[in-house]
Amino acid sequence: MLLFLIGCAPDPGIEAPPAPVEQEELPYNGSLERQGDRDVLYLWGTRAEIGYAEGALTCDRVGPLFKAYLLEHLVGEYTDFTYELARAFVLGSTTFDARDLEELDGYWQGANEYCTDEQLTIESELIADSPHRLVWEDLLFANAVADFGCSSFTVWGDASATGEMVHGRNFDWAIDPAGTFVADHMLKVYDSTDEGARFVSVMVPAMQGCVTCVTDESLVLTMHNVSGLTPDETIGISPRMLSARAALAATSGADDPVGAAETVLEGRRQLVGNNLHLAMPVARGDGIGGVVLEVDGAGSSPDGQVTVRRAGEDAQETRTDVTLAANHYAKRRSDLGDDDSNGRIATLAAFIDEAPVAAGDGRGMLDSVKNGYDGVTAHSIVFDAATSELQLYVAPGFDVPAPEAEPVIFDLNDVFGRLAELSGD
């Protein structure tokens, strides 16, 4: 396995990073590097090539991550089912898009070629055939399970210190006591030729959808769990992390990015509710910097599966230069669950109404609404479309929320430039 470590620091006396590795030297379309305390995984090519490279470069992490996080923490602590029953239920109701399967199959091939049986075997009292050698269905299960809290804001116009879009988000959910979920958090950088999209994703190895993603066109999509409307169907469900990725990829080059994302989401059947916060540079949004796509599986509702909530349509924040999202709908239906997500919307609105928001204010705002309901904030981001700067905060442990960590700062122009060097574009 090739591992390229690049240290980034502002000190001009520090030796420059090594020259880019030529594509022909790589046995796969990927490179694993490091910035600050965070891994950066560069991936390019077709969906199958991207999956294969990620499998080759990260397969040694999948066993510990699967055991500590998915099996013993999420299934063991948050359900009453055995793992075998949970997996059978989830996969029995899920239908993966053929294009998503190409990448997942590529991952599985790469993992099996570059890791040993021992590396892909786990032992746990929570699995019937322990010691258990991971199988294809385990990878599918990991990509079909997602139930996250979260809070986010987007400001632009008079609500922004620069007038341009600033987006901040907390990703709140359970963190295993071993800390594998946060330790394995990385910035994945994609040039997906099949999707015609380049984007970064904050996530762990083997999970290939979007919960926090930013494109090279500075569009941001972040996911939030919601108690949605009752779905029309409970089978043929598209995994929502992968649905979110497809929606974001569809915005690349689109004249109407909101409409492009909405069309994709209408075509992918959902089981549970989501607030997908889509932020964009003001020029791309024709004067707006963000919307919230309120999504669930009730395709028979008047709006279909997707209700587009625009600025000014939230009774808690009626400004036309702000969109806020947490764990409740504000337009699609307003009488489901907690209508303020534990006060988080009111808290964010108060910050924004006090003064125009700069990117430097984002951390304090996110700290004020950290930890959602019962989860700890696993990661947080602040993205400034005016500078293409991404601040990434990752929880340093299972009981310390992300906004209390020191950030790794990424200039996404440099990140995508590095991707072009590696891919030969």
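The values are calculated or read from the model by the stated rules, or taken from the named source; none is laboratory data. It should be emphasised that the depicted structure is a prediction, and the values quoted were computed from it without experimental measurement. Note that each Cβ is placed from the backbone with ideal geometry, even for glycine, and that neighbours are counted across all protein chains shown.
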>> Could you tell me how many of the residues in the range 1-49 are modelled with pLDDT of 95 or more, over 24 Å from residue 182 (Cβ atoms) and either outside any loop (DSSP other than H, G, I, E, B) or touching a Pro at 6+ places or on another chain (Cβ under 6 Å) (or both)?
In response: 5
>> Here is a check on your reading of the model: is residue 93 surrounded by fewer than 18 Cβ atoms within 10 Å (Cβ to Cβ), within 20 Å of residue 246 (Cβ to Cβ) and hydroxyl-bearing (Ser, Thr, Tyr)?
In response: yes
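Results for (1) touching a Leu at 6+ places or on another chain (Cβ under 8 Å); (2) polar (S, T, N, Q), shown as yes or no for each residue.
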position	(1), (2)
182	no, no
189	yes, no
207	no, no
219	yes, no
223	yes, no
227	yes, yes
233	no, no
244	yes, no
282	no, no
>> If I ask for residues that are of a type in the set (Ser, Thr, Tyr) and farther than 16 Å from residue 38 by Cα, which ones from the range 370-425 would you list?
In response: 373, 377, 387, 388, 423
> Are any residues in the range 389-417 modelled with pLDDT of 95 or more, surrounded by fewer than 18 Cβ atoms within 10 Å (Cβ to Cβ) and not in a strand (DSSP E or B), and if so, which ones?
Replying inline: 404, 406, 413, 414, 417
>> So in the range 309-356, with the set limited to residues that are β-branched (Val, Ile, Thr) and touching a helix residue (DSSP H, G or I) at 6+ places or on another chain (Cβ under 6 Å), which one is farthest from residue 404 (Cα to Cα)?
In response: 322
> Checking residue 100 against (1) at pLDDT 95 or above; (2) closer than 30 Å to residue 324 by Cα; (3) out of contact with any Pro (no Cβ under 9 Å at 6 or more places or on another chain); (4) not aromatic (Phe, Trp, Tyr), which single condition isn't satisfied?
Replying inline: (3)
>> residue 298 - would you say it is assigned to a loop (DSSP other than H, G, I, E, B), in contact with a Pro (Cβ under 9 Å, 6 or more places away or on another chain), among the aliphatic types (A, V, I, L, M) and under 24 Å from residue 243 (Cβ atoms)?
In response: yes
>> Checking the structure you have, find out if any residue of the range 149-171 is part of a loop (DSSP other than H, G, I, E, B), more than 30 Å from residue 318 (Cβ to Cβ) and out of contact with any Lys or Arg (no Cβ under 6 Å at 6 or more places or on another chain).
In response: no
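This table checks each residue for (1) outside any strand (DSSP E or B); (2) under 11 Å from the mean Cα position of the chain (by Cα).
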position	(1), (2)
194	yes, no
201	no, yes
231	yes, no
242	yes, yes
249	yes, no
254	yes, no
259	yes, no
262	yes, no
269	yes, no
> Does residue 176 meet the test of being assigned to a helix (DSSP H, G or I), surrounded by fewer than 24 Cβ atoms within 10 Å (Cβ to Cβ) and charged (D, E, K, R)?
Replying inline: no
> Within the set of pairs 6 or more residues apart or between chains, which connect a residue that is polar (S, T, N, Q) inside the range 404-425 to a residue that is modelled with pLDDT under 95 with Cβ atoms less than 9 Å apart?
Replying inline: 423/23
>> What are the pairs with Cβ atoms under 8 angstrom where one residue, in the range 292-313, is within 18 Å of residue 236 (Cα to Cα) and the other, located anywhere, is among the acidic types (Asp, Glu) and assigned to a loop (DSSP other than H, G, I, E, B)? Sequence gap at least six, or different chains.
In response: 297/232; 297/233; 298/232; 299/232; 300/232; 305/296
